[in-house]
Amino acid sequence: MTNLYTGLVVSALRKCQLLLQLSGESALQNRALQEAALFQLWKAYKAYLAELANELQLGFEPESLQVVLDSLKSRGVVSSEARELSLLYADPDSWLSKLLQCWRKLQQYAPTPTMESARKGANLIPLCSMASPTSGALSAEILLKWHGALSELVRRQRASLEEC
């Protein structure tokens with residue numbers, strides 16, 4: 001049986017890799033490339049959840065890992081792949097937790113500047129700091145590390161699913 005999500009995972013991982021090979025002419029361009037690469041990693045993760053749900057014959061495209069886990073539990077099915085993802089998700093120091101935390105932070109926008117601050121010459125581009133004590137600053141090196149970890153996890157879990 002062919003899994004339609006496999007190609008989406010591969011495509012998003014490759015796009016991330018290509019984005020990380022580019023170098024912008026400015027800090028803003030580099031930041032845009034990094035955010036685009038982070039988006040592709042998130043997209044690959046979400047597509048992999050759908051691929052896993054398809055392989056486990058859950059019959060739906062999950063919104064989150066928790067939905068997969070709840071569905072497996074309600075069916076009395078055990079999946080070492082879903083369990084591994086669950087352990088990574090639950091560990092705040094894991095690469096997956098940090099990737100998803102960084103993605104969530106990217107979705108939070110700074111408040112829109114007021115007209116008064118705009119008149120005073122304040123920065124009109126909303127800023128969002130990706131630095132935090134737990135996740136560190138977003139960088140190409142971190143993104144490459146996350147890309148490698150996600151690629152390896154997908155490769156390993158696919159091999160495991162094929163053995164079953």
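The values are calculated or read from the model by the stated rules, or taken from the named source; none is laboratory data. Just so you know, these numbers come straight off a predicted model, no measurement behind them. Every residue, glycine among them, receives a Cβ derived from its backbone with ideal geometry; neighbour counts consider all protein chains shown. For the accessible areas, the whole protein counts, side chains as well, though only heavy atoms, and no ligand, DNA or RNA atoms are used. Shrake-Rupley method; radii C 1.70, N 1.55, O 1.52, S 1.80 Å.
The listed residues GLU35, GLU141 rank as GLU141, GLU35 when sorted by accessible area, largest first, using a 1.4 Å probe. Rolling a 1.4 Å probe over the protein heavy atoms leaves ARG14 with an accessible area of roughly 110 Å².
As an exercise, take the mean of 1/r over every pair of distinct alpha carbons in segment 13-61, invert it, and state the Kirkwood radius in angstroms.
Answer for segment 13-61: a Kirkwood hydrodynamic radius of 12.0 Å.
Here LYS98 is the anchor, and the lysines within straight C-alpha reach of less than 17 Å, apart from those fewer than 8 places off in the same chain, are LYS43, LYS46, LYS145. Taken one residue at a time, the phi angles of segment 152-164 give Karplus couplings (6.51, -1.76, 1.60, θ = phi - 60°) of 5, 4, 4, 4, 5, 6, 4, 4, 5, 5, 5, 5, 6 Hz. Gly and Pro are set to x. Ignoring aspartates and glutamates fewer than eight residues from LYS105 along the same chain, the ones with Cα atoms less than 13 angstrom from its Cα are GLU35. In the context of the full protein assembly, LYS43 retains an accessible surface of approximately 70 Å², using a probe radius of 1.4 Å and ignoring ligands and nucleic acids. Placing pseudo-labels 7 Å out from each Cα toward the beta carbon at LEU4 and VAL77 gives an inter-label distance of 1.8 nm. The candidates TRP146, TRP95, arranged from most to least accessible area with a 1.4 Å probe in the full protein assembly, appear as TRP95, TRP146.
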